[in-house]
Every structure is written in C-alpha cells, then in structure tokens.
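K.L.:
This structure is in structure tokens; I'll ask about it shortly.
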Amino acid sequence: MNRGRRAALAAGARAGAVLAVTTAGWLPGLALASEATGDAPAPVALAFDRRSAKLLRASGHAAASSSDGGRHWTALQGLQATRPAAIAAGIGGRLYVPGPAAGILRSDDGGRHWIASTSGLPQQPVRALAAHADRPDTVYANVERHGIYRSEDGGRQWRLMDAGPREGIARLIHTNMPGSMKSGWLVAAGPHGVQRAMDCFCGWRKAGSLAGPVRDVGFDPSLPSRVFAATASQLWTSEDGGETWTVDATAPTAVVALVAAPGSVLYGARADGQILRRAAGATSWQAADA
Amino acid sequence: MPNALHLACASMLLVATASCGAAQPATAQDLGRRVFAAQCATCHGATGQGQPGWQEPDASGEMPAPPHDRNGHTWKHSDAMLYRIVKEGWRDPYNKTQRLSMPAFGATLSPQEIRAVIDDLKTLWTPQQRSFQQQESRKATYPPEARLR
C-alpha cells in the first residue's frame, strides 16, 4: 500500500470514511469498506453532465466523475485545494464548482482544466450552483448574505439578480418546466422546505408544504415538472413542480444528495457515501457498485 | 325661446368643444400615462402600487396584481418580455383558477400603445432599476411591430 493511499485511509477512518481518495483518483467505496472503519464524509452534491453522460460528485474535499453510474470514479484534477461544496454541469458540458474562498471555477474540458472567475461576484464563498436547464451559457450562483447571481456567458461575468429566499438556500436547481414568464424556474432546498421562483426573479414562494430542512432538490430532465426533494428521513416526489409532494416509497433510506439523469434515472447519495440508482419506472434502488 | 336652429348650433358647439377637450397625446409619455390610467390602474393602482398582499395568493387562489413601481419586480423584466405579457396576457400556473393572471391587451391596444405604457412604467423606477432593466433588454428588445415611428 503506498503512502498516499495509507494517509488517505487514515484520514478517512478518522472522519468515518467508507470512501477514500488517493492521489490517483477515487476508489470504489465498497471495495474499501473492509479496510476503513466508520462512514465516509457525506457527499455534498451530485450533478449529471448530459453531454458526457457522466455522474459528478463534490464532497467537500474533492470532486470526481463517473462514467458508469457511480461504480468507479475519477478525480477531477486541479481541485484538491478547493474543497468544493457544490457542482453544476451546463447542458453544453461546462462544469462549475465554487472557488476556494470566493468566485467559481469553470471547466470547458470535462474537469481537466479549471479557470477561476470572480468578475461581478462578491468576496464570499459560493454556496450553491445551478446550471440553466437548456441554455448552455447560463448559470446561477448563490452567495450567502448577498443573493443569487447569474452569468450568461459561461461563468465569466456575473450579475446580482435577487436576494434569494429569505430562509436561505442549501441547494439550488434550474428546471425548464413550463409556465414561467421567462425560460424556467429556480427551485431551492432550504431550512424550511422548498422555495420556487421563475427565472425572471419575480419573487420566491414556498413550493408545497414540505416542512423542515430539505437537503437537496432535483428535477427530471425528461419530465421537468417532476421534482424531487430529500429531507432528513425521506425522499419526496412532486409531479407538479413542487406544488404537491408524495413520499417516494421506493427509497430505501434517506439521501443527502440527489440528481436525476436523462431517461428519468435517479441517483441518490447516502450519508455513508454509497451511491444508489433507480432506473426509470423501477420500484427499487440498486447500489451503484452492485 | 331658443328655436331649433339655435339648439342645433349649440349642439354642434358642444360636440366641437368635447372633441377639442379630448386632445391627442402630445408625447409618447402622455400616451403611456393615458393608457395606464385607462387600462392598468384598476388592477395595479393609480400610482402603480399594486394590490394589497400582492406577494401571496388571495382567497380565490390567484395572485393579486403586483406593483409596477420600485417596490415590485417589473423592472427585472426585459422590454420583450413585458411587451409579450401585456399583449398576450399570462397565467400563473399555480393559480387555483383558470383565469389569466394578467389579461391580454393585444386586441385592445396598438403596439405603440403597449410600448408607450411600458416606457411610462420606467419612470416609476430608480435609476439603478432602469439601468438593470436596460441591460436585460439589450438582447430582448421590443418587437419590430412596436418600433417607434
């Protein structure tokens, strides 16, 4: 066992990690389960790059991509010092993560190279990112105590659009479900449920009656009005853009992050780091490395 | 006692006077203000202040008319979007009724009248809001039918 891997495993064990990171990349979580003790640091965010059909994850100390639905992962190079807490993928394949202290980093080559961008963004951490559902150059960033910024040139220039929901934002997505005055909707997971606003920023309203903290939200790109929300104990589904919610009885356990891929495939990440996958129309979930 | 000729002249004088009283708008801004007073103020308020409680659905589950002044969000929308909404109307998809949230005025107002009333709304905004809206409108301008003549 090399020094790098040994160090990573030790750090992982201290943090209760199931997943470990080597200098060469990620290793499948379950393969290390017997070597580590405790649970992995919980994945902070999932995203799906529709251009490359890769699953993406950001876990607070690195980011990685998977071409096989979460079975194997490859580290996105150049992000070791950034501790990304969010990740977004534009429909054209451009990737975004928050910068180490402020601004964002963007990649036009699938995560091999990253360019920093702070123009128009305040010197505060970006907490949430959302790529426009069908405009490749439009992306949104939430900066705590400042609000939601929008870029329409692939993350180069940013503009403050809105203060955001009063309750704050844990996670943000953009869906192109119909009915907006402009081109879609922003849906935010927050401490008191789900908030929703048209992307012309006409004001935020509570979406449905989910109470308590919502960890993550997602939408089905194959059916944009279908929205998902992950709370501490359950996964919820809405067929009307968040107006009404039903418990997803198929979910085996609570997830801390989720993302839906084309074809209505749904990925969830558990608190122990395991990636789960549910195929379209399926009534059960599979571990990604099953 | 006035005879029929006197009455006819008096009537013609009254009609002439009435026509002169309803003078054509001197400027586009005058036109915009007249259109707003005649078509918009009933819902959006005489000064564009909106309806009370406009940020939440009312008892019938519809969104009340929002303000058009600096307290609203009209200034966040491009000229193209505002024009489309005034012309075609719009319905909040989460209204509990099927009625349009904003009626369509395309059959009532000419393109120039629609443009005039939108341009008049801009006088209700702060300079920063006007600048923001101008930037939003750079790639989303008024349609050709509403070009200034």
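The values are calculated or read from the model by the stated rules, or taken from the named source; none is laboratory data. Given the structure is predicted, the values throughout are model-derived calculations rather than measurements. A quick note on method: Cβ atoms are made from the backbone with ideal geometry, for glycine too, and the neighbour counts reach across all protein chains shown.
K.L.:
With respect to A:A207, determine if the residue is among the aliphatic types (A, V, I, L, M), buried (at least 23 other Cβ atoms within 10 Å of the Cβ) and at the interface with chain B (Cβ under 10 Å from one of its Cβ atoms).
P.N.:
In short, yes.
K.L.:
Regarding B:E88, is this residue closer than 26 Å to A:G208 by Cα and out of contact with any His (no Cβ under 9 Å at 6 or more places or on another chain)?
P.N.:
Here the answer is no, as B:E88 does not meet what is asked.
K.L.:
Same structure, new question: In region A:262-290, which residues are surrounded by 15 or more Cβ atoms within 10 Å (Cβ to Cβ) and among the hydrophobic types (A, V, I, L, M, F, W, C)?
P.N.:
Residues satisfying the conditions are A:V265, A:L266, A:A269, A:A271, A:I275, A:L276, A:W285, A:A287, A:A288.
K.L.:
Sticking with this one: Taking A:S151 and the conditions (1) in contact with a Lys or Arg (Cβ under 9 Å, 6 or more places away or on another chain); (2) modelled with pLDDT of 95 or more; (3) within 18 Å of A:L76 (Cβ to Cβ), which numbered condition does it fall short on, given that it satisfies the others?
P.N.:
So the condition that A:S151 fails would be (3).
K.L.:
If you check B:D92 against the conditions, is it assigned to a loop (DSSP other than H, G, I, E, B) and either more than 11 Å from chain A (Cβ to nearest Cβ) or touching a residue at least 24 places away in the same chain (Cβ under 8 Å) (or both)?
P.N.:
Working: assigned to a loop (DSSP other than H, G, I, E, B): yes; either more than 11 Å from chain A (Cβ to nearest Cβ) or touching a residue at least 24 places away in the same chain (Cβ under 8 Å) (or both): yes.
Answer is yes for this residue.
K.L.:
Could you identify the single residue in B:R99, B:R147, B:R130 that is surrounded by fewer than 18 Cβ atoms within 10 Å (Cβ to Cβ), away from chain A (no Cβ under 14 Å), basic (K, R) and within 30 Å of A:G241 (Cα to Cα)?
P.N.:
B:R99
K.L.:
Okay, moving on. Quick one: which of A:A271, A:A229, A:A288, A:A251 is touching a strand residue (DSSP E or B) at 6+ places or on another chain (Cβ under 9 Å), touching a residue at least 40 places away in the same chain (Cβ under 8 Å), over 25 Å from A:G93 (Cβ atoms) and not β-branched (V, I, T)?
P.N.:
Of A:A271, A:A229, A:A288, A:A251, the one residue that is touching a strand residue (DSSP E or B) at 6+ places or on another chain (Cβ under 9 Å), touching a residue at least 40 places away in the same chain (Cβ under 8 Å), over 25 Å from A:G93 (Cβ atoms) and not β-branched (V, I, T) is A:A229.
K.L.:
Is region A:176-188 home to any residue that is free of Cβ contacts under 8 Å to residues at least 12 places away in the same chain and assigned to a strand (DSSP E or B)? Outline the logic, then answer.
P.N.:
Of all residues in region A:176-188, those free of Cβ contacts under 8 Å to residues at least 12 places away in the same chain come to none.
Checked region A:176-188: no residue is free of Cβ contacts under 8 Å to residues at least 12 places away in the same chain and assigned to a strand (DSSP E or B).
K.L.:
Determine which single condition A:S225 fails, assuming it passes every other condition in (1) more than 29 Å from B:S101 (Cα to Cα); (2) within 14 Å of chain B (Cβ to nearest Cβ); (3) not in a loop (DSSP other than H, G, I, E, B).
P.N.:
Answer for A:S225: the failing condition is (1).
K.L.:
Further, regarding this structure: Tally the residues that are part of a strand (DSSP E or B) and over 16 Å from A:A63 (Cα atoms), restricting the search to region A:252-267.
P.N.:
Total meeting the criteria: 5.
K.L.:
How many residues does region A:195-211 contain that are without any contact (Cβ under 8 Å) to a residue 24 or more places away in the chain and of a type outside the set (K, R)? Give the derivation first.
P.N.:
Initial filter on region A:195-211 (without any contact (Cβ under 8 Å) to a residue 24 or more places away in the chain): A:198, A:200, A:202-203, A:205-206, A:211.
Next, only the ones that are of a type outside the set (K, R) stay: A:198, A:200, A:202-203, A:211.
Looking only at that region, the number is 5.
K.L.:
Which of (1) within 14 Å of chain B (Cβ to nearest Cβ); (2) surrounded by fewer than 16 Cβ atoms within 10 Å (Cβ to Cβ); (3) in contact with a strand residue (DSSP E or B) (Cβ under 6 Å, 6 or more places away or on another chain) does A:R196 not meet, given it meets every other one?
P.N.:
Exception for A:R196: condition (2).
K.L.:
Sticking with this structure for a sec: Yes or no: region B:70-87 includes at least one residue that is touching a strand residue (DSSP E or B) at 6+ places or on another chain (Cβ under 9 Å), modelled with pLDDT under 95 and more than 11 Å from chain A (Cβ to nearest Cβ).
P.N.:
No, there is no match, as no residue in region B:70-87 is touching a strand residue (DSSP E or B) at 6+ places or on another chain (Cβ under 9 Å), modelled with pLDDT under 95 and more than 11 Å from chain A (Cβ to nearest Cβ).
K.L.:
Only one of these is modelled with pLDDT under 90 and in a loop (DSSP other than H, G, I, E, B): A:A280, A:A271. Name it.
P.N.:
A:A271
K.L.:
Can I ask one more? Taking B:K139, is it within 11 Å of another protein chain (Cβ to nearest Cβ), over 30 Å from A:T244 (Cβ atoms) and modelled with pLDDT under 95?
P.N.:
It is true that B:K139 is within 11 Å of another protein chain (Cβ to nearest Cβ), over 30 Å from A:T244 (Cβ atoms) and modelled with pLDDT under 95.
K.L.:
Just checking, how many residues over region B:37-70 are in a loop (DSSP other than H, G, I, E, B) and hydrophobic (A, V, I, L, M, F, W, C)?
P.N.:
Summing the residues that are in a loop (DSSP other than H, G, I, E, B) and hydrophobic (A, V, I, L, M, F, W, C) in region B:37-70 gives 5.
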